[in-house]
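The values are calculated or read from the model by the stated rules, or taken from the named source; none is laboratory data. Keep in mind that this is a model prediction, so the values were computed, not measured. All Cβ positions, even for glycine, are placed from backbone atoms using ideal geometry, and neighbour counts span all protein chains on display.
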Amino acid sequence: MGSARVEKEVAVPAQGRREALETGAESDGALVIDGVCKSYEGFVLKDVGLELPRGYIMGLIGPNGAGKTTLIKLILNLVRREAGSIRVLGLDNVTHEAEIKSRIGYVPDEPRYHPDITLENLKSATAPFYPSWSEERFQALASEFELSLGKKFKTLSHGTKTRFSLALALSHGAELIVLDEPTSGLDPVFRRRLLDVLAGILQDERFSILYSTHITSDLERTADFVTFLRDGQVVFSRPKDEVIGRWGVVRGGREILDAEARAFFEGVREREHGFEGLTSRVEAARQRFGDRVVIDRASLDDIMVLMGRGER
Amino acid sequence: MTPEPSHSAERVWGLNRNDWLLIRRDWILNRVSISMALFVFATFQVLFVQAQLDLPYVWVFLTCMWAALITLSPLAREMADQGAAWSCTLPASRIDLVRARYFGAWLLAAVGYLVALSVALLAPGSTVVPSFAIDLDTLLVGATIVSVILVFLMPSVIRFGVKGVFVLLVPLNLLLPVVFVVSKATGTQDSLENSLLAGLQSLATVIAGLRDGLSRPLFYIAIVLLLFALNWASYRVAVALFMRREL
Amino acid sequence: MRILISNASPDPIYEQIVQQVRAQILSGDLSEGDLLPSIRKLAKDLQISVITTKRAYEELEREGFINTVGGKGTFVAAQNPEFLREKRMKAVEEKLADAVDEAQLLGVGPDQLIEMLRLLYAEDE
C-alpha cells in the first residue's frame, strides 16, 4: 500500500481525538492510549493511539489479524508494551496494575478457566477479589444468559463460555468493560440481548465500553466511537457519526475510473461490471461524477473492506 | 467512585489480602486433585509402614519429596490449561501471583507432611516414632528436601511449563550415565567418583563444621536462614520470569 | 413520544429523531412541559449511540423545541402559537417555491399550477 496514503489516514485520529474530548469527557478518560508499539515475529503494532471518554462505547474494528486482540492484551498488561503509554481511568496500566484490573471487566476472545471446575466454583474463586462484587447482579446475569452454574467449564460451548465470562466481567461494577470479539460465538438473538445489557450499563455515565469485533453490524448503530485497526495501525479513531452518514460508496462503470478518479477515492474495488469507491467527500463526488454513478451511505463494513484498497 | 485498592497494606504473615485470596482460589480450583494426591500419598505411607523398614531418614526423604511434588500441582495445572491468562486478569499484580504460589506451596507441603505423619503414626505396625518425626533435625532435613525441589522446579515450571521441565530433566538424567560411561571408557572413572565424593564430603564437612562451631540454636537459625535465602532467590527468579511472560 | 428509526432512510439517525420529535410537538402530540426520556435512556431504547441521541437533542434545543433543566431532565419547551404558525407557513412557502421552480422548467404557467393545486385539495377531501 502506498505510504503517502497511509500518512494521510493516520493524520485523522488527532482530529477525532480532539473532538472526542469535546463530547464531554471527564478529565481522565476511560482509556487513553498513546504511541503504543508491540512487535512479534511477522506482526507489528505501530504507534497506536486512541481515546475513549467516560460514558461511551467504542468499537474496535478491523479484519482478523489487524492487532485488535494484541491491543486489548496490552491494555490488560497480559503482553508487555514496547513503547507508548496506556492510561485506564487516569492511571497507568502497569504501575497501577492491580487496582486497574479490579475496575476493568474483561472478556477474552477465548475464555479459558480451569476445565474441570463448575461455574459456581469458578465464580466463588473469583468474586472475593473484587471489592464491588455484586452477587445479586451475577445471579441476575447468569439467569439472563441462561447459564447452568453446576456445569463444568469444559462442557460449555464456545458461546456459553463467552456468556459466563461476560457474567463475571459485568458483576463487579467495572467502570471500563473490555470485550474482545464477544459475539463471535453468539447467535443473533443473544447478540441483541448483549447489546441491551451493555446499553443498560451505559445508563451510568461513568461507565465505558471497548468492544472489539469484526462483525460490524453489532456496532453500526450503538457505538459512539469507532477505531479502525488494520495491519497493526490505527486507520482512524473518531466519533462514529462522523464516519457513518458522511462517508459514501460510489458505484459506477469502470470507464470512469481513470487515474485521477482513482486518486479521489480512499479505496477502490474493481469488479467485472463496475467499481466501488469509498469517499469521505460525498458532495464532491456527486458534483464530479453526476448521474454516471450511484452513491450510497457507507456502512462500517464498506469502510473496513474498501479503505486503502486498490491503490496502484 | 474509587474502590479501595485491593492492594491494601494490611498483611497477615507477610501476605496481603490478594495473596490469601489467590491461595484460596488455588485450593478451590485444585482441591479435588490435591485430595486425590493426598489419598495416594496416605496409601503409600500405610504400605511403607507395613514394610517395617527401620530407615527413618528414607521415610523423611520420600515423604518430603512427595509433599513437595504435590505442591506443584496448582501451578502445573495452570500451565497445562493455559490458565495463567485468567490469573493475570485478576486484580492482583504478577508479584502477588508468584508470592501466593510460593506461600501456598509451603503451606501445602506442611499439610502434606502432617497428613503423612498422622497416617504413618496411626497405621498398625508403625515404626515411625513421633519424637523422631517432629524432631527439629528431622524437620530441617525435610525442609531442605522440600526447598531443593521447590527452588529448582518453581521457576523452571514457570519458564518452561511442566512438559518443558520433563524435556529438560530427561537429558539431565541421561547426562549422568553418559558421563560415567565416558569416564569408564577413558579410565578416569575413579577420579570422577572421587571428586564427586569429595564434593559431597566437603559439603557435609561444612555443615558439620557449622554444627560443631555454632551453638545448637545458632546452627538451626543459620540453616533456616540459608533455606530462606535459597527460597527467596528462587522466588525472585520466578518473579522475573513471570513478569516477562506474555499471555 | 414515539420514535421509529429506519436504517433504510437516507436521513441520518439523529435527523430522523429531530424530525419526529419536531412533528409531534407541532402536531400537539407532545405538549409544553412534557418530560422527554433522558439521552441515555432513549439511546438504549432505540439501540443507537449516545452521541447520536445527544446530537438530536442539541439540535432540538437549538431550534427551541425542547429545554434541558439541569438535574431535572429535558422538557418540551413552551411554544408560541404565532411563531409556530409562522414557521410552518414558511415551510409551506418553501415547498411551493420548489413547485414553482419545477413548473417553470416545464413551461407550466401559474394558471395551470393553481388548477393542479385545486385538484390536489379536492383529492384530499
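From the list C:S31, C:S9, which residue is farther than 24 Å from A:Y56 by Cα, small (G, A, S), within 14 Å of chain A (Cβ to nearest Cβ) and not in a helix (DSSP H, G or I)?
On inspection, the qualifying residue turns out to be C:S9.
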Over the range A:41-65, the set of residues in a loop (DSSP other than H, G, I, E, B), over 16 Å from A:L179 (Cα atoms) and among the small types (G, A, S) is A:G42, A:G65
Selection from the range A:260-312 of residues of a type in the set (A, V, I, L, M), over 28 Å from A:R221 (Cα atoms) and surrounded by fewer than 16 Cβ atoms within 10 Å (Cβ to Cβ) yields A:A263
If you go through B:V111, B:V165, B:V148, the only one that is assigned to a helix (DSSP H, G or I) and in contact with a helix residue (DSSP H, G or I) (Cβ under 6 Å, 6 or more places away or on another chain) is B:V165
Kindly check whether there is at least one residue in the range A:215-230 that is assigned by TED's automatic domain parsing to the domain that holds A:G35 and farther than 19 Å from A:D301 by Cβ.
-> no
Condition set touching a strand residue (DSSP E or B) at 6+ places or on another chain (Cβ under 7 Å) and of a type in the set (V, I, T), scope the range A:102-144, selection surrounded by the fewest Cβ atoms within 10 Å (Cβ to Cβ): answer is A:T118
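For the range B:223-238, check the following and say yes or no: at least one residue is more than 18 Å from the chain's Cα centre (by Cα), surrounded by 12 or more Cβ atoms within 10 Å (Cβ to Cβ) and in a helix (DSSP H, G or I).
Pass one, the range B:223-238, residues more than 18 Å from the chain's Cα centre (by Cα): none.
Looking through the range B:223-238, none of the residues is more than 18 Å from the chain's Cα centre (by Cα), surrounded by 12 or more Cβ atoms within 10 Å (Cβ to Cβ) and in a helix (DSSP H, G or I).
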The residue that is nearest to the chain's Cα centre (by Cα), considering only those in the range C:37-56 that are buried (at least 23 other Cβ atoms within 10 Å of the Cβ) and more than 7 Å from chain A (Cβ to nearest Cβ), is C:A56
Flagged pairs (Cβ under 8 angstrom, 6 or more apart or on separate chains; first in the range C:89-107, outside the structural domain of C:S27 (by TED's automatic domain parsing); second assigned to a helix (DSSP H, G or I)) are C:A99/C:L113; C:V100/C:L113; C:A103/C:Q112; C:A103/C:L113
Of the residues in the range A:55-73, those that are within 11 Å of another protein chain (Cβ to nearest Cβ) and farther than 23 Å from A:P239 by Cα come to A:K73
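Scan the range B:87-110 for residues that are small (G, A, S) and either surrounded by fewer than 23 Cβ atoms within 10 Å (Cβ to Cβ) or within 13 Å of chain A (Cβ to nearest Cβ) (or both) and jot them down.
Selection gives B:S87, B:A92, B:S93, B:A100, B:A110.
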- With respect to A:E146, determine if the residue is at positive phi and either within 12 Å of chain B (Cβ to nearest Cβ) or not in a helix (DSSP H, G or I) (or both). yes
Going by the structure shown, is A:G42 surrounded by fewer than 19 Cβ atoms within 10 Å (Cβ to Cβ) and small (G, A, S)? yes
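Does the range B:173-203 hold any residues that are polar (S, T, N, Q) and either modelled with pLDDT of 80 or more or in a helix (DSSP H, G or I) (or both), and which are they?
Of everything in the range B:173-203, those that are polar (S, T, N, Q) and either modelled with pLDDT of 80 or more or in a helix (DSSP H, G or I) (or both) turn out to be B:N173, B:S183, B:Q189, B:S191, B:N194, B:S195, B:Q201, B:S202.
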A careful count of residues in the range B:53-86 that are assigned to a helix (DSSP H, G or I), surrounded by fewer than 20 Cβ atoms within 10 Å (Cβ to Cβ) and without any contact (Cβ under 8 Å) to a residue 12 or more places away in the chain gives 1
Counting only residues in the range A:78-101 that are within 11 Å of chain B (Cβ to nearest Cβ) and surrounded by 24 or more Cβ atoms within 10 Å (Cβ to Cβ), the one nearest to A:I33 (Cα to Cα) is identified as A:I100
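When only residues in the range A:102-122 that are polar (S, T, N, Q) and touching a residue at least 12 places away in the same chain (Cβ under 8 Å) count, which is nearest to the other protein chains (Cβ to nearest Cβ)?
Top of the filtered list is A:S102.
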